[in-house]
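Reviewing the structure listed below.
The values are calculated or read from the model by the stated rules, or taken from the named source; none is laboratory data. All values reported here derive from a predicted model rather than from experimental measurement. For neighbour counting, all protein chains shown are included, and Cβ atoms are generated from backbone atoms with ideal geometry for every residue, glycine included.
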Amino acid sequence: MSTDSNTAWNTGTSTARHDGEHWLLSLVVPVKNEEDNIQPFLDAVLETLTPRVPALEIIFIDDGSTDQTLPMLRRLGTADQRIRYLSFSRNFGKEAAMTAGLEASRGDAVVPMDVDLQHPPEAVLEFIRHWRDGGWDMVYGVRMDANAETTGKKATSSLFYRIFNRVSHTDIPPSAGDFRLLSRRVVDVLGQLPERNRFMKGLYAWVGFRSIGVPYHQPARLHGNSRFNYWKLWNFALDGLVGFSSLPLRVWSYLGGGLAFCSLLFMLWIITRTLLFGIETPGYASVMSAILFFGGVQLLSIGVLGEYIARLFIESKQRPLYIIAEHSDDQA
Ligand code: UDP
Ligand code: MG
């Protein structure tokens, strides 16, 4: 299917305001090989939310699943009007899936959720209360993890947020994830951001609006293992840093300046010493360490340049963020 039809499907506009009793809640749920989790997720969500929400739509984004996920979504989509799905032509990653879901959503409030029940539906009720009664545009869940994550993952993620908040002008609240409620206007603004590098947590913070954190307890994954290993998380962190800070680029001018200044002092000292005491045996060690050190610094700084240029390259190609192969409105 061409990207044409995917834009046609993106009717993410809502005319209703949420002041009345008639408002629509959209759940945006990216799924990749989650055949075991979808039904329990639906049961839990419908049981908790149906009595409290006037209208509900659940949008599943099949992110290139190879198991029974898609046939299951097809079945659910025909059986229940509230369930919509779209299916990517391949795996585009969770960030792309969330972007697609947000664009497809029609709700007055939109909540991106994981399907593995690590995001408890009860917390959504709490989000809704803050949005309806407090008028908050963004209500983000703050993870109170008992033992859902390994200590290694917790430590590395807290280190990442510390560095991120230092080097970028956008502050991300630590322990906040994708689980949050976004008002319609936040969703609309997010949809206008053109970048291909979708570091959603950064984008949520970047758009601003009145935001409040609400704590929730995150249980362990229901079935299967996390789709994110350390290598993926590292690349994710790189995307986040490079997408939201130019400090890694600029730091080299300062470092270079400092090193040049030190070298100048060293040069003056060597010249003076040679003039005063004559030529000494040339120092292998100092030459060697200078070569190795500067070689390392140069390679590192070229690498940093490369990270940014690679992203410029990706942005400049202007390829779509995702390609939809099939969606629930096909069947209607
Ligand atoms: N997911 C996705 N595409 C991917 C990887 C994950 O849509 O390439 C979905 C996955 O099906 C789940 C959610 O993203 O609904 C979170 O994934 P997971 O539980 O593996 O991540 P973690 O909880 O470890 O952050
Ligand atoms: Mg999970």
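Brief remarks follow.
- Residue among T99, T150 that alone is surrounded by fewer than 22 Cβ atoms within 10 Å (Cβ to Cβ), in the same structural domain as L182 (by TED's automatic domain parsing) and farther than 16 Å from S211 by Cβ: T150
- Per this entry, Y230 is counted among residues that are touching a helix residue (DSSP H, G or I) at 6+ places or on another chain (Cβ under 8 Å) and exposed (fewer than 15 other Cβ atoms within 10 Å of the Cβ).
- Residue list for region 274-301, filter: part of a loop (DSSP other than H, G, I, E, B) and either small (G, A, S) or modelled with pLDDT of 80 or more (or both): G278, G283
- Every test in (1) within 13 Å of ligand 1 (Cβ to nearest atom); (2) modelled with pLDDT of 90 or more is passed by L117 save one, and that test is (2).
- Those residues of region 203-220 which are within 19 Å of the chain's Cα centre (by Cα) and within 16 Å of ligand 1 (Cβ to nearest atom), in sequence order: Y204, Q218
- Matching residues, region 164-189, being modelled with pLDDT of 85 or more and either surrounded by fewer than 21 Cβ atoms within 10 Å (Cβ to Cβ) or touching an Asp or Glu at 6+ places or on another chain (Cβ under 8 Å) (or both): D178, F179, L182, S183, R184, R185, V186, D188, V189
- Test for A123: is it in the same structural domain as L24 (by TED's automatic domain parsing), at pLDDT below 90 and over 20 Å from the mean Cα position of the chain (by Cα): no
- If the condition is being closer than 16 Å to P112 by Cβ and among the β-branched types (V, I, T), then region 166-190 contributes I172, V186, V187, V189.
- Scan of region 228-282 for residues that are under 30 Å from P194 (Cβ atoms) and of a type in the set (D, E, K, R), ordered by number: K232, D239, R250
- Single condition A220 does not satisfy, out of (1) assigned by TED's automatic domain parsing to the domain that holds I163; (2) within 16 Å of ligand 2 (Cβ to nearest atom); (3) under 30 Å from R106 (Cα atoms): (3)
- Residue satisfying condition, being among the charged types (D, E, K, R), under 21 Å from the mean Cα position of the chain (by Cα), more than 16 Å from ligand 2 (Cβ to nearest atom) and in a loop (DSSP other than H, G, I, E, B), within set R52, R90: R90
- Here D239 meets the list (1) over 25 Å from M144 (Cα atoms); (2) away from ligand 1 (no atom under 16 Å from the Cβ) almost entirely, failing just condition (2).
- Criterion (of a type in the set (S, T, N, Q) and in contact (Cβ under 8 Å) with a residue 60 or more places away in the chain) met by exactly one of S175, S158, S65, S89: S89
- Test: A155 is out of contact with any Lys or Arg (no Cβ under 9 Å at 6 or more places or on another chain) and within 16 Å of ligand 2 (Cβ to nearest atom): no
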